[in-house]
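What follows draws every value from the coordinates through simple rules; no lab data is involved. Computed from a predicted model, the values in this text were never measured in an experiment. Positions of Cβ are generated from backbone atoms using ideal geometry, with glycine treated the same way; all protein chains shown enter the neighbour counts.
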Amino acid sequence: MVNKISKQNLQKLEVGKSITGEGLEVRKTSKGLVFYASTQVHGKRLRDKIGTEQHGMNLTKARIKLKELALSIPENIDLTVAQPNITFSDAAKIYISTSQESGGKNIPQKQQQLNMHLVPYFGKLKIKNISTLSVEKYGHQRLQAGAAVATVNREFATLRHMLNSLSEWGVAETKHIKVKNKSGEKQRVKTFSTEQIAKMLRCAENDHDRYTYFFVLIGFQTAMRHKEILRIRFEDFDFENLTLHIPEAKAGSRVAPIHESLAQVIRDEQRRRGVEAGYLFEADSATGHRTYMKKQFERVLNAAGLSGQGFTPHCMRHTAISITMRSGVSVADAQVISGHKSTQMLLRYTHHNNASVARGVNALASATACNDANAPVKNHVGGDAA
């Protein structure tokens with residue numbers, strides 16, 4: 001095993017070999033380099049995958065990512081025994097590190113919630129001294145600071161999972177802490193009208209950031225989520241079959257259908273850059289791609305005269321799904337476009353049609369050979385027509 005990490009040594013690295021150093025381990029596979037954060041805890045090496053060369057990771061980005069991860073666990077903590085006096089801050093480090101090692105989900109989001117809000121509030125407190133009241137006070141303070149109820153509840157979900165995990169791992173006793181979600185009126189997600197969509201696309205095309213148009217067009221045409229869009233790679237497109245592979249969708253890897261018009265836009269951009277692979281929203285960052293487009297989206301809203309009306313990037317997804325459902329496709333087919341894990345989630349986008357219901361009742365009457373099967377069914381069903 002080579003023990004010095006450098007660009008030159010990485011180029012010479014043979015398949016199956018690895019290099020360690022600077023808190024990193026880099027292994028060469030048949031598909032390229034794989035980068036790991038590597039740290040020692042009481043003689044045990046913890047390895048956490050940072051990224052792969054195939055998906056844009058390199059040595060410089062790995063070094064930056066290593067600093068962001070902050071994986072080090074204090075040397076005075078022995079993971080083999082319970083820690084009755086462990087602080088929230090140290091417990092959070094163990095939670096993130098162990099979750100990464102075991103392939104946990106949504107680690108970057110959880111780490112951001114911990115680093116930005118939960119650790120600054122609970123950090124120096126010992127886990128045993130945190131109470132249900134402490135958690136309720138945290139939630140109240142976040143709401144007073146302007147955080148949405150949904151945002152606080154997502155932070156509570158991370159806190160709840162962390163406490164449960166620490167208890168299961170035998171690190172700390174946490175059953176005395178109850179984390180209850182905040183209640184509040186559920187805000188209805190706004191949808192764009194056809195005219196507003198046209199305005200958004202025109203303004204996005206005229207924005208000084210060329211990525212803005214791609215973001216808005218893909219948002220309205222595919223119903224993809226904000227972060228899913230920004231992780232798109234050119235090689236994920238199958239132009240022949242008009243599909244897009246989404247490897248890290250919320251409900252798991254999936255393949256989404258795309259329209260020929262979108263495929264043409266992507267092909268044109270690919271030819272303009274002269275590349276076959278890489279991120280569509282490429283950026284000089286640790287991830288290799290843009291991670292946020294909210295400012296650009298708000299700029300387009302302002303240009304379209306729609307600012308201050310409660311629109312967010314997620315409204316593009318909501319609009320796209322609503323349009324799909326109104327077009328008359330089945331719920332199962334709409335699920336292919338939306339990427340929902342279950343069809344149950346799509347039912348909130350549906351509205352029954354009285355005429356359609358009447359046709360269904362007539363069909364049942366015909367099938368059971370009723371004497372007046374051909375008689376029209378009176379409209380006794382309430383609700384709006386689609």
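Going down the list LYS105/LYS126; LYS61/LYS180; LYS110/LYS295; LYS28/LYS126, which pairs span over 32 Å between their C-alpha atoms?
Numbers: LYS105/LYS126 26 Å; LYS61/LYS180 38 Å; LYS110/LYS295 23 Å; LYS28/LYS126 42 Å.
Those over the limit are LYS61/LYS180; LYS28/LYS126.
If you take the square roots of the eigenvalues of the alpha-carbon gyration tensor of the range 143-234 and sort them as a ≥ b ≥ c, do you get rounded (a/c under 1.5), prolate (a/b over b/c) or oblate?
Here the range 143-234 falls in the prolate category.
Among GLY252, ILE232, PHE311, whose Cα sits farthest toward the positive end of the charge dipole of the range 194-346 (+1 at Cβ of Lys/Arg, -1 at Cβ of Asp/Glu, about the Cα centre)?
Farthest towards the positive pole: PHE311.
Where does each of 95-104, 248-257, 130-139 land if you order them by average Cβ count within 10 Å, highest first?
Top to bottom by mean Cβ count within 10 Å: 95-104, 130-139, 248-257.
Using a 10 Å cut-off on Cβ atoms, rank the peptides 212-218, 239-245 from the highest mean neighbour count down.
Listed from highest to lowest mean packing, they are 212-218, 239-245.
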